[in-house]
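Report on the structure given below.
Here, each number is a calculation from the coordinates, and none is a lab measurement. The structure displayed is predicted, hence computed values, not measured ones. Note that each Cβ is placed from the backbone with ideal geometry, even for glycine, and that neighbours are counted across all protein chains shown.
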Amino acid sequence: MITINFLPWREQLRYKRRRWFIVLCLFSCLLSITVILSIYIHLHHKVILPIKRKVKQTPDLSVQKFVRKYKLSGIILQDQKRWALILTPNGKVIMVKSGDLINEKSAQVKQITSTEISILINNKLLWLKIKDKK
Amino acid sequence: MFRSLFQKSQQSIGIDLEGINVVVLHKKRSEIKVIYTASGECNSGGEKIKFLCDFFAQHKIRSKNIYVAIPVKHTIKKELQFAAVLQEVDIKLQLKLEQQRYFPGITEKLAYDFAIKNITEEKQNVIVYATKQKLLADRLGLLCDAKIYPVCVEPDGFAWLRLIDPIQRERLTEDKVGVLLVVQHKIFKIIIFNHHEILYEHDEFEFDDVVGLVRRNLNHFTTSNFKYKLNAFYFIGEEDLIASLRQEMDLNIVSVVAVESKLLLAYGLALRGFDDHH
């Protein structure tokens, strides 16, 4: 059945307005999502990541401290067995083999080669070379 | 959820300004319910405004889906032919500029609306409804005073037809036509229609012999429209009349709305709010 309306513009206007309203709602939703996301990204990069970096820097510091305090003074090779001689901060020389813990429990000797040893501190692998012995 | 956003509002209001009758419908999950109705005997414009203001304030109605009718006696229906290339905007403009050509003898400004009936390669047949702008402005002014801004003003025949089951209406294709008779509250109305349009419409406000009126109108229609077959009769009004119509005219009345209510027109108007076609 045909439809007649002597005020067709009013009906059209209403639907136009409604469509605009819906478009506006969707746009504002999109905008708010974008704003929230950008704020999150900003905060993540400017605030959260530096904090995380700082937290991560702690093992690095401990590694640096370790390098400063402990020196590799020599390596003893006997057949397949290897020992490393490490000079501790208090002036003592300790002899360690791979798998031993050095002073602090977080530092563990992983590998001993003829010139250097690798030590695992806070999941970071550190290499001490024999030339450091000065 | 989003679909409902794009759909029409779930509340629809029909206002019958003749005597003032209001029906508020609410649709929920394809179920239509009447939530508020009001009927008043208002003669002056001021009374009507007050009645409407009170009704809207009392029920806190905010929906702007308001539908109003204009009686058929105030409308002019014409079937016009335009070139097929013309767009709706062009037709609108042509009707406006050449009013005298299409509606000779009417000097007052007219408000139009039209629907395209069919299009061939060269021509398009357009059904145009027109009403006097002053009359429309008077009605709208009355509603505006009550701070009511309707979205639609349509000829009342369409509202009456909405009371008939749409499935039954859709069956009236090709040369089959239906007849709707409304006899109630000193109103006699006959509408002859098919699935697409209203073919004939007549109102009478002072009458005695309903059977004679029906017979006269049917004769009037059939003499000028040979190709149509009167297929189904629908009746709205007092039950007593049905028997006499059946007896005297041997009419095949398909359905009867034996409800004598002033609200029926407003109800039909409000139903437009849930009409999927517009």
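Give me A:TRP127, B:TRP160, A:TRP20, A:TRP83 ranked fewest to most by other Cβ atoms within 10 Å of their Cβ, as a rough exposure proxy. Can you show the working numbers first?
On the way: A:TRP127 15, B:TRP160 25, A:TRP20 10, A:TRP83 19.
With the fewest neighbours first, A:TRP127, B:TRP160, A:TRP20, A:TRP83 line up as A:TRP20, A:TRP127, A:TRP83, B:TRP160.
For chain A, what does the helix formula give at 222 nm: sum of -39500 (n - 2.57) over DSSP H segments with n ≥ 4, over the residue count, nearest 500 deg cm²/dmol?
On the way: 2 runs with 57 residues, N = 134.
Rounded to the nearest 500, the figure is -15500 deg cm²/dmol.
Report relative contact order for the range B:98-196 in percent, whole number only (criteria: Cα-Cα under 8 Å, sequence separation at least 6).
On the way: 84 pairs, mean separation 14.8, N = 99.
Computed over the range B:98-196, the figure is 15 percent.
Largest first, please: the extent of the C-alpha atoms of the protein assembly as shown along each principal axis, to the nearest Å.
Computed over the Cα atoms, the extents are 132, 55, 44 Å.
Filter A:LYS46/A:LYS124; A:LYS16/B:LYS109; B:LYS77/B:LYS123; B:LYS96/B:LYS117 down to the pairs with a C-alpha to C-alpha distance above 24 Å, please. Please report the intermediate quantities before stating the final value.
Details: A:LYS46/A:LYS124 26 Å; A:LYS16/B:LYS109 27 Å; B:LYS77/B:LYS123 19 Å; B:LYS96/B:LYS117 20 Å.
The answer is A:LYS46/A:LYS124; A:LYS16/B:LYS109.
Would any residue of the range B:44-88 have its amide N under 15 Å from a label point 7 Å out along Cα→Cβ of B:ASP145? List them or say none.
The answer is B:44-54.
Of all alpha-carbon pairs in the range B:72-134, indicate the percentage at a distance above 13 angstrom.
Numbers: 1185 of 1953 pairs.
The calculated P(r) of the range B:72-134 puts 61 percent of pairs beyond 13 Å.
Against the longest alpha carbon principal axis of chain A, how many degrees, from 0 to 90 and to the nearest 10, is the axis of helix A:49-69 turned?
10 degrees
Which shape class applies to chain B: rounded if a/c is under 1.5, otherwise prolate when a/b exceeds b/c and oblate if not, where a ≥ b ≥ c are the square roots of the Cα gyration tensor eigenvalues?
Numbers: a/c = 1.41, a/b = 1.07, b/c = 1.32.
Taking the square roots of the gyration eigenvalues as a ≥ b ≥ c, chain B is rounded.
Obtain the nm distance between the two label points defined at B:CYS53 and A:SER118 by a simple spin-label model: each point lies 7 Å from its Cα along the Cα-to-C-beta direction.
9.1 nm
At most 13 other Cβ atoms within 10 Å and a DSSP loop assignment: could you name the GluC sites (Glu not before Pro) in the range B:88-182 that fit?
Answer in residue order: B:GLU98, B:GLU108, B:GLU121, B:GLU122, B:GLU174.
To test your reading of the geometry: what angle, between 0 and 90 degrees and rounded to tens, separates the Cα axis of helix A:8-43 from the longest principal axis of chain A?
Once rounded, the angle reads 10 degrees.
Rounded to the nearest 500, what is chain B's calculated 222 nm mean residue ellipticity when only DSSP H runs of at least 4 contribute -39500 (n - 2.57) each, over all residues?
So the calculated ellipticity at 222 nm is -9500 deg cm²/dmol.
Once a ≥ b ≥ c are taken as the square roots of the eigenvalues of the Cα gyration tensor of the range B:116-187, is the result rounded (a/c under 1.5), prolate (a/b larger than b/c) or oblate (a/b not larger than b/c)? Display every interim value, and only then the final one.
Working: a/c = 2.55, a/b = 1.36, b/c = 1.87.
Verdict is oblate for the range B:116-187.
At a 10 Å Cβ-Cβ cut-off, how would you order B:ILE116, B:ILE167, A:ILE112, fewest neighbours first? Present the calculation step by step, with values, prior to reporting the outcome.
Numbers: B:ILE116 14, B:ILE167 7, A:ILE112 20.
Ascending Cβ contact count within 10 Å gives the list B:ILE167, B:ILE116, A:ILE112.
Give me the extension gain from B:THR173 to B:HIS74: residue separation times 0.36 nm, minus the current Cα-Cα distance, reported in nm with one decimal. Don't jump to the answer; show the numbers that get you there.
On the way: separation 99, 0.36 × 99 = 35.64 nm, distance 2.82 nm.
So the chain would gain 32.8 nm between B:THR173 and B:HIS74.
Could you tell me whether the range B:1-127 comes out rounded, prolate or oblate from its Cα gyration tensor? Rule is a ≥ b ≥ c as square roots of the eigenvalues, rounded for a/c under 1.5, then prolate if a/b exceeds b/c, otherwise oblate. Kindly include the intermediate steps, with their values, before the conclusion.
On the way: a/c = 3.17, a/b = 1.56, b/c = 2.03.
Judged from the Cα gyration tensor, the range B:1-127 comes out oblate (a/c at least 1.5, b/c at or above a/b).
Across chain A, how large is the tail of the calculated P(r) beyond 19 Å, expressed as a percent of all Cα pairs? Write down the numbers at each step before the final one.
Numbers: 6002 of 8911 pairs.
Percentage above 19 Å: 67.
State the Cα centre-to-centre distance between the range B:182-204 and the range A:62-79 in whole Å.
Comparing the Cα centres of the range B:182-204 and the range A:62-79, I get a distance of 108 Å.
Rank these for me by crowding, B:ASP275, B:ASP156, B:ASP90, A:ASP79, going from fewest to most other beta carbons within 10 Å. Write down the numbers at each step before the final one.
Values: B:ASP275 15, B:ASP156 25, B:ASP90 12, A:ASP79 5.
Fewest to most other Cβ atoms nearby, the residues stand as A:ASP79, B:ASP90, B:ASP275, B:ASP156.
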